[in-house]
Amino acid sequence: MTRVQVLDTRGVSRALERMAAELIERVGDEKLLYLVGVQTRGVPLAHRLAGMIAAATGHEPPVGALDIALYRDDVGPWRAAHQQPVLRATELPVSVDDKVVCLVDDVLYTGRTVRAALDTLMDYGRPRAIRLAVLVDRGHRELPIAADFVGRTVPTAHSEDVQVRVRECDGEEGVWLAKEVAG
Amino acid sequence: MSVQPAARLRRKDLVGIDPLSAGEIQLILDTADQMREIAARPIKKVPALRGKTVVNLFMEASTRTRFSFEVAEKRLSADSLSFSAAASSVSKGETLVDTALNLEAMQPDFIVIRHVHAGAPHQLARILKSSVINAGDGAHEHPTQALLDALTIRLHRGTLEGQVVAIVGDLQHSRVVRSNVLLLSRMGAKVRVAAPASMVPVGIEALGCEVHRRIEDAIAGADVVMMLRIQLERQGRMNFPTVREYYDFFALTPERLKLAKRDCLVMHPGPMNRGVEIDSRVADGPQSVILEQVTNGVAVRMAVLYLLAGGHGEPTAD
């Protein structure tokens, strides 16, 4: 197993700062903005983006947490030997109605998690718009989904593993690309 | 933090609390805790069990448990069919096994069974490919009731460990008490039971509880008091002289409740006989969580269905 660092702690912070600036610019009215992190690592990332937006505009957008386990397509009848994902909390402190909801996740890969997140969100109301912010886009989409805000695009092979660590969940922070070495 | 949750429920069936480990119980309770939130959503439905079929095979009267399972199934998007013994071929003499095999021939994924005889769910679990969930078998087990009781206690107290739980009433005919004693003792609670001597089954202490002859001794200093229904329909002969006398000696009254901890929870699995085992002033009082138990029942049944849908492990060992 070889492990190459793609972003260090400062790299993660700089990527998030840039995403926060783009969010403010592109959403226009930050009072409409609602950051919703996808469990697990999307949640602390959403909180950090909210803090950066608050520092820049003086208005802190609300932050929610979304668990997509009950909406996934890679469990249930589609996989023979599967494991039901552990449920985590969904907490949306204010209604998503008429908000510009920005989903926040650590890695964008096949797009299936985002599809599940979109369906989950729609069951909570009717947002004015939904955007997508990810720290890492590693390619290999299986669904017609694209991110609006990307921290770092990392070209990868299927066999490689993108490891995102954030201090709130893992104690360390950074992005690594890991691959099995043959032999 | 007391018990670590298991990574998964590697089971086909839920026939009782007895086969479950503490970690598996913790996983079901943790999952149920998250399921509660679905009831507060504008759209109270998730697609997790889309395309799954559940047959509710209720061979004995039930309102709360059957409705609770049906609501749980619908909230998870499963298709559910409910079966009542009176309007079926059971009244024409078909055996349970034949009924179950015929239902299974229609490819359901789950069979939820309530039956008057202990062991009926176990028998079906062995012969059917579907997941079997015990919704009460005779005087044996009622696992989802014990799980919803445990969730209710945990939501109020944060843990089951060290809680003193008094269970009072018809121990002889109660499946609720068996599942509860097994679950609570496995999770580190201290369980006391009390009933008239004529209603204490031989050997009940072996399940992991202290046996008392007076309600006062059982509830003194308790964190939770769980009252059991006097099952008048199951009494071949009365085990006490009169209902009035039972009330006088064994009912939970406001005076007796003062013996327990000040914030002691009052629970009852329902249906209640007001004025027999429980006084209305207690049943409707500020310490009563009886209706919360009903709400939590839906979340627990959703959790069990969800987790078993990912099972496909080895068949249930008794």
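Laboratory data are not the source of any read-out in this text; all were calculated from the coordinates shown. Source: prediction; values computed, not measured. Heads up, the Cβs are rebuilt from the backbone with ideal geometry, glycines too, and the neighbour counts pull from every protein chain shown.
Scanning residues 5 or more positions from B:A118 or on other chains, those with amide H under 5 Å from its amide H are B:G138, B:A139, with H placed 1.01 Å from N in the peptide plane. Taken about its Cα centre, region B:1-131 carries a charge dipole of about 360 debye when Lys and Arg each add +1 at the Cβ and Asp and Glu each add -1 at the Cβ.
Magnitude of the charge dipole for the protein assembly as shown, about its Cα centre and with charges confined to Cβ atoms of Lys, Arg (+1) and Asp, Glu (-1), is about 260 debye.
Close amide H contacts of B:S288 (hydrogens built in the peptide plane, cut-off under 5 Å, sequence separation of 5 or more or a different chain): B:V266. Close amide H pairs (under 5 Å, H built 1.01 Å from N) link B:M226 with B:A166, B:I167, B:V168, B:M267, residues at least 5 positions away or on another chain.
Working from Cα pairs under 8 Å separated by at least six residues, relative contact order for chain A is 27 percent. Couplings for region B:256-269, taken from phi via the Karplus curve 6.51 cos²θ - 1.76 cosθ + 1.60 with θ = phi - 60°, read 5, 4, 5, 6, 7, 4, 4, 9, 4, 7, 10, 10, 7, x Hz in order; Gly and Pro are left as x. Projected onto the charge dipole of the protein assembly as shown (+1 at Lys/Arg Cβ, -1 at Asp/Glu Cβ, origin at the Cα centre), which of B:V54, B:G208, B:L305 gives the Cα projection farthest towards the positive end? Selected residue: B:V54.
When each of the peptides B:63-69, A:33-39 is scored by the mean number of other C-beta atoms lying within 10 Å of its residues, the order from highest to lowest reads A:33-39, B:63-69.
Multiply the residue separation of B:R281 and B:K92 by 0.36 nm, subtract the distance between their alpha-carbon atoms, and state the gained length in nm to one decimal.
My answer for the length gained is 63.5 nm.
Just checking the listed ones, A:V43, A:V86, A:V63: in the Gaussian network model of chain A with Cα springs under 10 Å, the one fluctuating most is A:V86. Where in region A:1-28 does the amide nitrogen come within less than 17 Å of the point 7 Å from the Cα of A:D170, taken along Cα to Cβ? Label zone hits: A:1-16. Residue exposure proxy: B:T253, A:T120, ordered by other Cβ atoms within 10 angstrom of their Cβ from fewest to most, comes out as B:T253, A:T120.
Across peptide B:40-48, how many C-beta atoms of other chains are within 10 Å of each residue C-beta, on average?
So the per-residue partner count for this stretch is 5.
Full extension of the chain between B:K261 and B:A197 yields a length gain of 20.5 nm, computed as 0.36 nm times the residue separation minus the alpha carbon distance. Sequence-ordered 3J(HN,Hα) estimates for region B:295-304 from the Karplus curve with 6.51, -1.76 and 1.60 and θ = phi - 60° stand at 4, 5, x, 5, 4, 5, 5, 5, 4, 5 Hz, glycine and proline given as x. At full extension, B:E233 and B:R274 could sit 13.2 nm farther apart than now, given 0.36 nm per residue minus the alpha carbon distance. Farthest toward the positive end of the dipole of the protein assembly as shown, out of A:L45, A:V101, B:P241, is the Cα of B:P241, where the dipole comes from beta carbon charges about the Cα centre.
Charge tally around A:D106: other residues with Cβ under 10 Å, Lys/Arg +1 each, Asp/Glu -1 each, net +1. Summing Lys and Arg as +1 and Asp and Glu as -1 over all other residues whose Cβ lies under 12 Å from the Cβ of A:R165 gives a net charge of -3.
PRE reach from A:D98 (point 7 Å along Cα→Cβ): which of region A:18-61 fall under 14 Å by backbone N? Under cut-off, by backbone N: A:31-33.
Is the shape of region B:25-179 rounded, prolate or oblate, going by the alpha carbon gyration tensor and its root eigenvalues a ≥ b ≥ c, with a/c under 1.5 for rounded and a/b larger than b/c for prolate?
oblate
If you plug the beta carbon distance of B:K44 and B:R214 into 1/(1 + (r/R0)^6) with R0 = 56 Å, you get a FRET efficiency near 0.80. The label-point distance for A:R10 and A:E91, in a model that sets each label 7 Å from Cα toward Cβ, rounds to 3.4 nm. Taken over the protein assembly as shown, the alpha-carbon convex hull comes to 176 cubic angstrom per residue.
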